Structures are given as C-alpha cells and as structure tokens.
Amino acid sequence: MRSPSSSSIAEQLFNQARDLAKANQWAVACPKFEASLRYDPALGTRLNLATCYEHIDKLASAWSLYRDSIDLAKKAGDTKRRDYAQSQAAALEPRLAKLTISAQAKPPAGLVVTRDGTQIEPGALGIALYVDAGTHEISASAPGFESFAQTVTIVDGKGESIVLPSLAAKPTPPPATDSSKGKETSVVARLETEPVPPSPTRKYIAIGAGAAGVVALGVGLVFGAKASSTSKDAMTLCGPDLLCSKADYPRGKELAQDAHSSATISTVLVIGGSAAVVAGVVILLTAPRARERSAARLLPVLHDHGAGLAFTGGF
C-alpha cells in the first residue's frame with residue numbers, strides 16, 4: 001500500500017506531465033510520468049507514459065507498457081482501457097525494431113552479455129527482441145577472457161543481428177617470484193663476500209690479561225720491597241751472617257722467614273705478571289680479522305712451588 005504522501009507526489013507529477021504533453025513537450029513530460037509511476041504504479045499513468053514514449057520514438061518501450069496495461073486492465077475489469085492498450089500494442093508491432101544477439105556455439109563459462117548495461121539472460125540469446133530505435137552498446141565478458149564491446153544502431157521497422165566473437169583469453173601472468181628467497185640469497189652472498197668485522201672478545205681478553213699482569217707486577221714489587229726491608233732488619237739484628245745471639249735468635253729467625261716468604265711471593269707475582277702482560281700483547285697483536293668467539297679466561301694457579309696465572313679456553 002502506498003502512503004498518502006507518495007500518492008500526493010505521484011498525482012502532482014502526473015498533472016505536471018499532462019500539462020507538458022498538452023503543450024507537445026513530450027521529451028520533458030516523459031520523465032515526469034516515469035517519476036509519477038514510481039511513486040504510484042497506476043494504470044492511467046502507465047498508459048499516458050506509453051503514449052509519451054510513442055511521441056519520442058521509443059516504440060519498444062511504449063509497446064511493453066501497453067502489453068503490461070492489458071493485463072492490469074483485465075484484472076481491474078476495465079474493458080475500455082484493456083481494448084485501448086490492445087489496439088495500440090497491435091498497431092506498434094509492425095513498426096518495432098528487433099535486435100538478435102547470438103553467442104558462439106561453445107561460450108566460455110561465466111559469460112555475461114549486456115545491452116546498454118542491462119544483462120541479457122542466456123536463454124534470451126539468439127532470439128530477436130524488440131528494442132527502441134537508436135544506438136545500443138553491446139558487451140560480453142567472462143572470467144579469464146578479454147572483454148568485447150560493440151555499438152550498433154537500430155532503425156524502426158528493421159532487424160539487426162550480432163554474433164559475439166570468441167573472446168580472447170587473457171595472457172597468463174608470469175609466475176610470482178618469492179621475494180623473500182631472493183633477499184635471503186642476497187644476504188648470504190653479502191656475508192660471503194663482505195669482510196666480517198673482528199670480534200671485540202679477544203681485545204677485551206688482551207686488555208684484561210695486561211691489566212692483571214700490571215696489578216701482579218705491582219703487588220710483586222711491594223712484596224719485594226717488604227722482603228728487602230725485612231732482610232735488612234734481620235741483618236741489623238744478627239749481623240751480615242745472620243749469627244744471632246741466643247737472646248735475639250727467635251726474633252732473627254722470624255725476620256728471616258718473613259723475608260724469605262715475601263721474596264718468594266714477589267718472585268711469583270713478578271714472573272706471573274710479566275707473563276700476563278706479554279700474553280696480553282701477543283693476544284692483541286695476533287687477533288684475527290674475522291669474527292670469532294672466544295671462551296678464554298685468565299685464572300690463578302697454585303702449585304707446589306708457589307702461585308701463577310694461566311689462560312684456559314680457545315681463541
């Protein structure tokens with residue numbers, strides 16, 4: 001059911017169209033009738049629009065509206081309008097233009113054929129259909145094929161036929177390349193050709209060894225100085241030959257033992273420290289240019305004859 005507002009708009013448009021038709025302004029009147037028909041598909045509006053189409057040479061459209069009006073008039077029991085629509089449709093038929101669009105015997109799957117943008121059902125292909133006179137755009141398309149388009153001009157009272165050509169297959173696109181694989185290859189090639197910066201591990205080990213050696217040398221010199229001072233105290237107490245009196249013997253023996261221990265520790269530390277400094281220099285000078293991983297460590301070592309430093313791991 002149409003709303004009151006739709007019926008009111010339809011009536012106003014219809015009245016404007018009728019006034020334009022009376023003034024023989026059919027080209028302007030037809031759009032008004034069309035709009036009125038959309039708001040309210042009344043039988044009278046349909047018949048007036050059909051008449052308007054006749055005056056602007058859209059005979060196939062007029063004939064189609066007359067045919068629809070015949071059925072609507074029959075349902076409404078309006079014999080006067082039914083007879084009028086029948087006579088008008090019969091008078092137009094000899095004047096109608098026909099267009100036959102045919103496809104190839106084996107059309108591609110998914111073929112879509114249109115006339116002026118409206119799709120033609122596959123069952124309507126190969127059949128002469130009434131069309132308005134004038135220029136029409138025919139197109140055909142199917143998935144995987146190039147589209148086809150053709151313009152045809154139709155004249156009233158005559159027929160035209162179009163046989164759609166076989167659609168050309170679209171060129172097969174080249175296979176997609178795996179861009180990530182190419183990137184991986186280029187990275188590998190670059191790693192193989194470009195020099196790898198040396199690892200800082202060896203440098204750190206060399207600096208650590210040198211620093212430990214310097215500390216060991218410093219401590220060794222301190223113990224050496226202590227040993228010299230203690231030895232002088234012992235010589236002062238007991239003489240150059242360390243022949244102490246009975247009263248000074250315990251103290252002289254203690255000073256002699258302290259001097260001997262300090263001298264031993266000093267010797268070990270000086271030797272170990274010197275070795276560490278030399279090792280650090282060697283490691284730094286012989287560091288390879290290629291990247292490497294080092295697990296070398298500098299560890300203190302105790303043995304029967306004293307203490308020292310040793311390197312473990314690989315370079």
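The values are calculated or read from the model by the stated rules, or taken from the named source; none is laboratory data. Because the structure is predicted, anything quoted here is derived from the model rather than measured. FYI the Cβ positions are ideal-geometry reconstructions off the backbone, even for glycines, and counts take in every protein chain you see. Heads up: the accessible areas ignore ligands, DNA and RNA and are worked out on the full protein's heavy atoms, side chains in. Shrake-Rupley method; radii C 1.70, N 1.55, O 1.52, S 1.80 Å.
Observations
- Protection-proxy order for peptides 50-60, 76-86, each taking the mean of Cβ atoms within 10 Å per residue, highest first: 50-60, 76-86
- Whole-Å distance, taken between Cα centres, linking region 123-157 and region 69-113: 17
- Ranked from largest, the principal axis spans of the Cα set of region 1-133 equal 52, 32, 32 Å.
- Carbon + sulfur, % of accessible area of region 1-134 - ligands and nucleic acids excluded, 1.4 Å: 50
- Using θ = phi - 60° and Karplus 6.51 cos²θ - 1.76 cosθ + 1.60, couplings along region 151-164 (whole Hz; Gly, Pro as x): 9, 10, 9, 10, 10, 4, x, 10, x, 10, 10, 10, 10, 5
- In the full protein context, region 1-142 carries 55 Å² of accessible surface per residue, based on a 1.4 Å probe and ignoring ligands, DNA and RNA.
- Peptides 61-69, 114-122 ordered by packing proxy, namely the average of other Cβ atoms within 10 Å per residue, highest first: 61-69, 114-122.
- Each residue of region 22-30 is assigned a 3J(HN,Hα), and the resulting list reads 5, 8, 6, 9, 5, 4, 8, 6, 4 Hz, derived from the Karplus form 6.51 cos²θ - 1.76 cosθ + 1.60 (θ = phi - 60°), x at Gly and Pro.
- At 1.306 mPa s and 10 °C, Stokes diffusion of region 78-152 via Kirkwood alpha-carbon radius, µm² per second: 109
- The amide H of I162, built 1.01 Å from its N in the peptide plane, has T100, I101, S102 as neighbours under 5 Å, considering only residues 5 or more places off or on other chains.
- For region 1-44, the pair-distance distribution built from all alpha carbon pairs, in bins 10 Å wide starting at 0, is 34, 51, 14, 1 percent.
- Direction-averaged projected area, Cα convex hull, region 26-77: 3.2 nm², rounded to one decimal.
- Estimated vicinal HN-Hα couplings, Hz - region 103-120 in sequence order (Karplus 6.51, -1.76, 1.60; Gly, Pro = x): 9, 5, 4, 10, x, x, 5, x, 5, 10, 10, 10, 10, 6, x, 9, 5, 9
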